[in-house]
1. For the condition over 30 Å from C:L74 (Cβ atoms) and surrounded by fewer than 24 Cβ atoms within 10 Å (Cβ to Cβ), what is the one hit in B:L113, B:L58, B:L62?
2. Can you tell me which residue is farthest from the other protein chains (Cβ to nearest Cβ) among those in the range C:122-134 that are surrounded by 20 or more Cβ atoms within 10 Å (Cβ to Cβ) and either without any contact (Cβ under 8 Å) to a residue 12 or more places away in the chain or of a type in the set (K, R) (or both)?
3. Can you tell me which residue among C:N142, C:N104 is under 24 Å from C:S207 (Cβ atoms), modelled with pLDDT of 90 or more, part of a helix (DSSP H, G or I) and polar (S, T, N, Q)?
4. Name the single residue that is farthest from the other protein chains (Cβ to nearest Cβ) among those in the range B:11-55 being polar (S, T, N, Q) and surrounded by fewer than 21 Cβ atoms within 10 Å (Cβ to Cβ).
5. Among (1) surrounded by fewer than 24 Cβ atoms within 10 Å (Cβ to Cβ); (2) part of a helix (DSSP H, G or I), there is one condition B:I69 misses while meeting the rest; what is its number?
6. Return yes or no: is C:Q167 without any contact (Cβ under 8 Å) to a residue 40 or more places away in the chain and either among the aromatic types (F, W, Y) or farther than 22 Å from C:A65 by Cβ (or both)?
7. With the checklist (1) part of a helix (DSSP H, G or I); (2) touching a residue at least 60 places away in the same chain (Cβ under 8 Å); (3) more than 8 Å from every other protein chain (Cβ to nearest Cβ) in hand, flag the one item C:E84 doesn't pass.
8. Being under 17 Å from the mean Cα position of the chain (by Cα) and more than 13 Å from every other protein chain (Cβ to nearest Cβ) is the requirement here; does A:S171 meet it?
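The values are calculated or read from the model by the stated rules, or taken from the named source; none is laboratory data. Computed from a predicted model, the values in this text were never measured in an experiment. Cβ coordinates were reconstructed from backbone atoms using ideal geometry, including for glycine residues, and neighbour counts include every protein chain displayed.
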Amino acid sequence: MTKNSTILRVAWADPFKRLIRKATLSYKGLFGVMNWQQYLMVNLGSPIMQMLCFTLVANYVYGYTDLSKWLIGNALVMTYFNAVFGVGSQLSAERNSGTLKLLIASPSDRIGIFLPRAILHIFDGLFAVILGFVVGAIFLGFTLPLVTWPAFLLALLVASFSAMAFGLIISCLGLLSRDLNLILNIASMSMLGLTGANFPIERMPVWLQTISHAMPLTRSIELCRALQAGEVLSAHMNLLYGEVLVGMALMFVGVLLFSFMEKIAVKRGALEMF
Amino acid sequence: MISTFNVLTSSAVQQFKTSIGRPMFRFCVIAQPIIFGLLLGMIYLEKSSVDFTLYAVLGSGLSTFWSSICFSSASDIHRERWYGTLETIYAAPAGFKWIVLGKIIGNSIWGFLSICLSVTVVTLFFDKSLVIAQPLWLGIGLSLMTASLIAIGYLFAALFTLSRNARVMMNFMEYPVYILCGILFPLEMLPKAVQVLSYAFSPTWAVKILRFAVAGGEVSQVLPYVYGLISLTLIYGLFSVVMFNRIDVKCRVDATLEVY
Amino acid sequence: MSQSSTKRELHIGKLPVISVKDLKRTYQTKVGLLNQEKKSVEALKGISFEIYPGEIFGLLGPNGAGKTTTIKILTTLLAPTSGEAKVFGCDAFGEEKKIRPRINFIFGGERSLYWRLSGEDNLKYFADIYKIPRAKQPELLNRLFDQVGLSDVRKHKVETYSKGMKQRLQIARALLNNPEIIFLDEPSLGLDPVGARALKQMIRDISAQGKTVLLTTHYMQEADELCDRIAIISGGEMVALDTVEGLKSKANTANASLEDVYVQLVNGEVAS
């Protein structure tokens, strides 16, 4: 009786345990070569430096009054670092270590492969952004009213989620190309402009503005700026929902793309591509 | 002497040919000047022509040059490890330090070309007039800066030969230098204490010379920066040579020459 | 096999080109993520041997025995922790400038070449860094490409080469400076029988030119056919050092092959 229920409980908890283990192991496999100082430098140090740099640029260009607006933009763009370089390079890293074919041949469904990989990065990205704000508060006098913290945090979580979803797509595209680094860097650098983090979106040509609105983060940056300016979340729910939708759509496209590429690879006998 | 010169040119040519085949380097010298040029152009769109020329046009080029140094000089040693050729070039009679210097020069030619690319992109894309008050000094500034970046690259290569974590380090060196050296915004935006640190990096001095070339002024104002830049470059060079001599012993004692 | 005994006669009375005495090498590694713990691994626990001019000397042993460490020390790539490693009577650590122009080496596998360059560009580059005068290079390259049978593909990129072709290009590279000693660390790794046979012939040719060869391999047949003398090391210690015939006579079974005696020696089933 007790034995049975234990088994039941274990079985019930299994998917979660598997998820957590998959997430931590895939994360370790990728960053295991680094020690924690390096981890701090790569995952936090350089994104924060980028944030400081562009905030200072904006500070000079637009004057002191608008500082937090640009800090918010550049802090949120940091989630792309994790998304693009962390999640985006994952499948290629698996391929390089020869483990991708094992993943493909495994009985897990595609979401089961994908999701765990992204989940830790969501929190990693979130952590980076929050640290960015702390740095901003210490060095650039950034302030955020206490009442807006919960809403702000929610907005950041959603932003990080949709950035990760974007990372999954990059990850698939990375498999098609030998120039993974080229794709990763172009993707990450373009975000500095495309999301409206550093200059008003209206300065771009109309077609680029359209792309900008289909990208993750554009809405979140707008939302966070509004929240920081003292507006309430309920007035901007459309931005929050919009971001969630963008994230889910990207996630869907990512999984679809991966299955599609897998089929093509098997059909053409190009499994070495993986 | 002649054979050492042959080693230098041969290594530079080899590097010039191979490095552009690398995605990351292609990003640094082709994509980044374009993206940075457009990005900074957009940001500096409504500032004065001097600011636009200095930071959007030259700044994007300079920062790109710096990135290409970060992502080549450091990682080239790492890459030789990866190819398994590090042992061969290390034990070659030509002397490891000459081979590496050749590589840095080869990369820097690309870095310089990337400045040209970003200048072209920004001038073509934006309807802003560029100002160059002293074209001669622009030439002087750019040449001195190139020499100095070669020296820094060389120093980095030395430091990174000793470390297996070259890639990690160089990733981190990119933005702090943009910030510290006033490449993308005036140095004066930084706190005074930080500005002192800035002068330890030669790009800071180079930017001052470029600023003079763009905005104009008295020659006597720019000369201290010229002397400063030259001295720093020499110091970097000297330091690199010392490092390379140290490497010769250290990496064999510590067995850090190769990855396995 | 009479060939090996006549060759052995050759070096009697000659000075060794390589002399290794009580050579030790310890590696420091760090274990753990946060509280890093230093751990030392003894790769070589004090080995000694001498190699004479013109010999093909085999260095055999299981993975991790210390073969590559030995080669790295002798090729001036690694400092010994203690003991003596002399090449041409010069210290491998400290007098490397005198050694480097006179030796060359190949580490097995497909690495150690620039895949994005053509075979010719590779050799040109290495010729320059081995300070071969430019005027002499064209003729030298022609001869080497001929010797390793890659003349028709010399303009092709190395990434299009097969494993065997890459290995041959490596040999050409190693011959650029006309070295007196060539170190070959598992040169036949991953080669097909035809490629392996071609490689063996090339090693014999190199030896016939009077060059000394230090070879490591895991293929006993290859060692048997090529080597004049063989040292077997295991766990960083010398287990045996003798001619092929001498080694075979140590076996506890009749008509033992080199592989039999190797396995017995490494497992400690027979005394060396």
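1. Result: B:L113 is the single residue among B:L113, B:L58, B:L62 that is over 30 Å from C:L74 (Cβ atoms) and surrounded by fewer than 24 Cβ atoms within 10 Å (Cβ to Cβ).
2. C:K124
3. When all the criteria are applied, what remains is C:N142.
4. Here is the first cut: in the range B:11-55, the ones polar (S, T, N, Q) are B:11, B:14-15, B:18-19, B:32, B:48-49, B:53.
Checking which are surrounded by fewer than 21 Cβ atoms within 10 Å (Cβ to Cβ) leaves us with B:48-49.
Numbers: B:S48: 11, B:S49: 14 Å.
Residue satisfying both the conditions and the ranking: B:S49.
5. (1)
6. On the way: without any contact (Cβ under 8 Å) to a residue 40 or more places away in the chain: no; either among the aromatic types (F, W, Y) or farther than 22 Å from C:A65 by Cβ (or both): yes.
Here the answer is no, as C:Q167 does not meet what is asked.
7. Only one criterion in (1) part of a helix (DSSP H, G or I); (2) touching a residue at least 60 places away in the same chain (Cβ under 8 Å); (3) more than 8 Å from every other protein chain (Cβ to nearest Cβ) is unmet by C:E84, namely (1).
8. Working: under 17 Å from the mean Cα position of the chain (by Cα): yes; more than 13 Å from every other protein chain (Cβ to nearest Cβ): yes.
So A:S171 passes the test.
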